Amino acid sequence: MVLDPGADATTVHFIEFDPAKQDDFGGIYVAHRRRQRGSRDTYGELSAKTQELIRENTAFLDLAQSLPVFRIGEDYVGRLDELPTPADKAAALEAMLTAELAEDDPSFLHRQLGERLQQVKERKGAGDAAIARRLRELEEIAAATAATRQEPERLGLTQPGEYGLFTILRAHAPGATESYLAECARRMVAHLRGNRLLAPGWSNSIGGRMRVEQSLLAESWNPTYEQLGFDRDAEDPPFLKPAVSELAKSDGTG
């Protein structure tokens, strides 16, 4: 197995390697070196270098191939530290995040993180400064992704729909405190459940969605939610449809 330095950072080419034929592989390497630089390295020296290159790349590939299935939120930082260069770390972390955030119907928060990841991918650069910046941005996205596993329990938003609604409120009321937003999300979901609007299957019909939307809008007019800063005169405030869509993702889970 060898890495292709001219390809994308995550591109890997696989070559079946027979230790008994290592000198044949060394011969290929000799020919390549002589074509490129006219090197006078001896056959034995190049054969040894080839073996070292194979060992290094095999170790990297063994680790890199294991990373995408190693979920963000576990000891991914420790695993990344085993990689030799910032470019290797960035490539492996990008692969992990791509696998983590690839969902057919992502949550609002995962969709936001996925958009950030795509922006980082589109800004790839080859220089040391560009690689360092890319790695830093990927680490920030990974940290935010890991936080999504801890936040529901930390905020006490463990009932279906509560955490998803919280992420919508947070996006549309950035000036509100975290604890206040969490309380608002709990109250809104409790209101909908108390009125039997979140019965299993409610999101499968237009009527069910409309009832949830209208009830949620009316509930948001109460003084309890004043600090959210939503316009009470708006017939279709920006938070409303995303909130219903996010609640629909938890339909049937509780």
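Starting from the residue with the highest accessible area, list Ile131, Ile168 in decreasing order, probe 1.4 Å.
On the way: Ile131 25, Ile168 0 Å².
The most accessible residue leads, giving Ile131, Ile168.
Given a 1.4 angstrom probe, I'd like the percentage of the accessible area of region 122-203 that is carbon and sulfur, rounded to a whole number. Intermediate results must be reported in sequence, preceding the final value.
On the way: 2090 of 4190 Å².
That fraction is 50 percent.
Pop out the Kirkwood hydrodynamic radius of region 123-167 from its pairwise C-alpha distances, inverse of mean 1/r, in Å to one decimal.
Values: mean 1/r = 0.0801 Å⁻¹.
Result for region 123-167 stands at 12.5 Å.
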>> With the alpha-carbon atoms as the only input, what is the per residue convex hull volume for region 120-195 in Å³?
In response: 114
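Near Ala130, within a Cβ-to-Cβ distance under 12 Å, what is the net charge of the other residues, with Lys and Arg +1 and Asp and Glu -1? Spell out each step's value before the answer.
Numbers: positive: Arg123, Lys124, Arg133, Arg134, Arg136; negative: Asp128, Glu137.
Charge balance in the 12 Å sphere: +3.
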>> Under the √(5λ) rule applied to the eigenvalues of the Cα gyration tensor, what semi-axes describe the equivalent ellipsoid of region 151-196? Give them in Å, descending.
In response: 17, 12, 8
> If R0 is 35 Å, what FRET efficiency do you get for Glu140 and Asn222 from their C-beta distance, rounded to 0.05?
Replying inline: 0.45
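Just the accessible area per residue of region 94-171, please: how many Å² with a 1.4 Å probe? Before the final figure, lay out each step's value.
Details: 3960 Å² over 78 residues.
Spelled out: the 1.4 Å probe surface of region 94-171, per residue, equals 51 Å².
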> Using the beta-carbon distance between Thr98 and Lys241 and R0 = 35 Å, what value does 1/(1 + (r/R0)^6) give for FRET efficiency, to the nearest 0.05?
Replying inline: 0.80
>> Using 0.36 nm times the number of residues separating Ala199 and Arg149, minus their current alpha carbon distance, what extension gain do you get?
In response: 15.4 nm
> Rounded, prolate or oblate: which one fits region 147-254, using the alpha carbon gyration tensor with axes a ≥ b ≥ c (rounded when a/c is under 1.5, else prolate when a/b beats b/c, else oblate)?
Replying inline: oblate
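The values are calculated or read from the model by the stated rules, or taken from the named source; none is laboratory data. A quick note: this is a predicted structure, and the numbers were derived from the prediction, not measured. Neighbour counts run over all protein chains shown; Cβ positions are idealised from the backbone, glycine included. Note: accessible area is taken over every heavy atom of the protein model, side chains too, but ligands, DNA and RNA are not part of it. Shrake-Rupley method; radii C 1.70, N 1.55, O 1.52, S 1.80 Å.
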